[in-house]
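Here is the structure we will look at.
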Amino acid sequence: MNMNLPNILTILRLAAAPGIVIMFLYFHRPLADWFALTLFILAAITDFLDGYLARAWKQESKLGTMLDPIADKAMVIIALVVITGFSGMNPWILLPATLIIFREVFVSGLREFLGDTAGTLKVTNLAKWKTTAQMVAISMLFATGAFEHYFGMQSLAMTSEMVEDAISGNGPDELGLYWKYRGMVISWWGGIIMLWIAALLTIITGWDYFRKSQPYLKEDEV
């Protein structure tokens, strides 16, 4: 195996995928949320970095070409499963997450069936935007979990009137509930919007890939 720096970064990103789950198994929230968010962002950075370095240093290899899409899909699918779990199967998350996971499984199966032919179907710019939207959405939703936990813990002993006064600015706010609430709302809606955009781009790029693969799926004439 060619263990250059780009390939090492890809392998680290692949190893980070189950690490997201481990964060929630061995750490309490909101620490687990921040650890998972940090791990995911670092992995997303390596997604850009390994490809850039491989091209710049002319170190592109079969190992990297094979592992890179696997690492990307593993990170996205595992992160979506975790987020769907701690969101209580919220339909605003569950539906786009299902569409994204379905597409990734479908395209992976199609690539496997096409074998060497799959390499002729190049990744489009729209597919790159899809990946970026997924990364941004997942990062924001991990942040939502952290803000939510802080807000819930610190407002637990307060009455609803005290909480409402704190976040509206009409009362004392020694615990900083206002910015935690704003962070929770902004990251939630930002994450949801980006997740639905990602789901739309996922379906479009999945259909485009399937359409381009049609010539290779035709039955041989007898």
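Can you name every residue in region 160-191 that is open to solvent by less than 90 Å² (accessible area, probe 1.4 Å) and more than 15 Å from Glu148 (Cα to Cα)?
Listed by number, the residues that qualify are Ser160, Asp165, Ala166, Ser168, Gly169, Gly171, Asp173.
Can you tell me which residue among Met184, Met194 is at pLDDT 95 or above and part of a helix (DSSP H, G or I)?
Just a single option satisfies the conditions, and that option is Met194.
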Do you know which of the residues in region 54-111 that are of a type in the set (Phe, Trp, Tyr) and at pLDDT 85 or above is nearest to Thr202 (Cα to Cα)?
-> Phe102
Qualifying position, being under 21 Å from Ile100 (Cβ atoms) and among the aromatic types (Phe, Trp, Tyr), among Phe35, Phe48 | Phe48
Matching option when the condition is β-branched (Val, Ile, Thr), out of contact with any helix residue (DSSP H, G or I) (no Cβ under 8 Å at 6 or more places or on another chain) and part of a helix (DSSP H, G or I), among Ile8, Ile41 | Ile8
Does any residue of region 13-26 turn out to be β-branched (Val, Ile, Thr) and open to solvent by 30 Å² or more (accessible area, probe 1.4 Å)?
-> yes
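Here is a yes/no grid of residues against (1) more than 30 Å from Phe151 (Cα to Cα); (2) buried (at least 18 other Cβ atoms within 10 Å of the Cβ):
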{"residue": "Leu9", "(1), (2)": "yes, yes"}
{"residue": "Leu31", "(1), (2)": "no, no"}
{"residue": "Phe40", "(1), (2)": "no, yes"}
{"residue": "Lys62", "(1), (2)": "yes, no"}
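Identify the residue in region 192-206 that is closer than 30 Å to Thr117 by Cα, open to solvent by less than 50 Å² (accessible area, probe 1.4 Å) and not polar (S, T, N, Q) and, among all such residues, is farthest from the chain's Cα centre (by Cα). Working first, answer last.
Filtering region 192-206 down to residues closer than 30 Å to Thr117 by Cα leaves 197-206.
Going one step further and asking which of them are open to solvent by less than 50 Å² (accessible area, probe 1.4 Å), we end up with 198-199, 201-202, 205-206.
Now restrict to residues that are not polar (S, T, N, Q): 198-199, 201, 206.
Numbers: Ala198: 10, Ala199: 11, Leu201: 14, Gly206: 17 Å.
Per the criteria, the residue is Gly206.
Look at Tyr209 and say whether it is open to solvent by less than 80 Å² (accessible area, probe 1.4 Å) and in a helix (DSSP H, G or I). First the steps, then the outcome.
Details: open to solvent by less than 80 Å² (accessible area, probe 1.4 Å): yes; in a helix (DSSP H, G or I): yes.
Yes, satisfied.
Take the residues of region 88-140 that are basic (Lys, Arg) and under 19 Å from Ile45 (Cα atoms): which is least open to solvent (accessible area, probe 1.4 Å)? Walk me through how you get there before you give the answer.
Of the residues in region 88-140, the ones basic (Lys, Arg) are 103, 111, 122, 128, 130.
Filter once more, so that each one left must be under 19 Å from Ile45 (Cα atoms): 128, 130.
Numbers: Lys128: 119, Lys130: 14 Å².
If we take residues in region 88-140 being basic (Lys, Arg) and under 19 Å from Ile45 (Cα atoms), then Lys130 is least open to solvent (accessible area, probe 1.4 Å).
The values are calculated or read from the model by the stated rules, or taken from the named source; none is laboratory data. Predicted, not measured: the structure shown is a model, and the values here were computed from it. Backbone-built Cβ (ideal geometry, glycine too); neighbour counts: all protein chains shown. Accessible surface areas use protein heavy atoms only, side chains included; no ligands, DNA or RNA. Shrake-Rupley method; radii C 1.70, N 1.55, O 1.52, S 1.80 Å.
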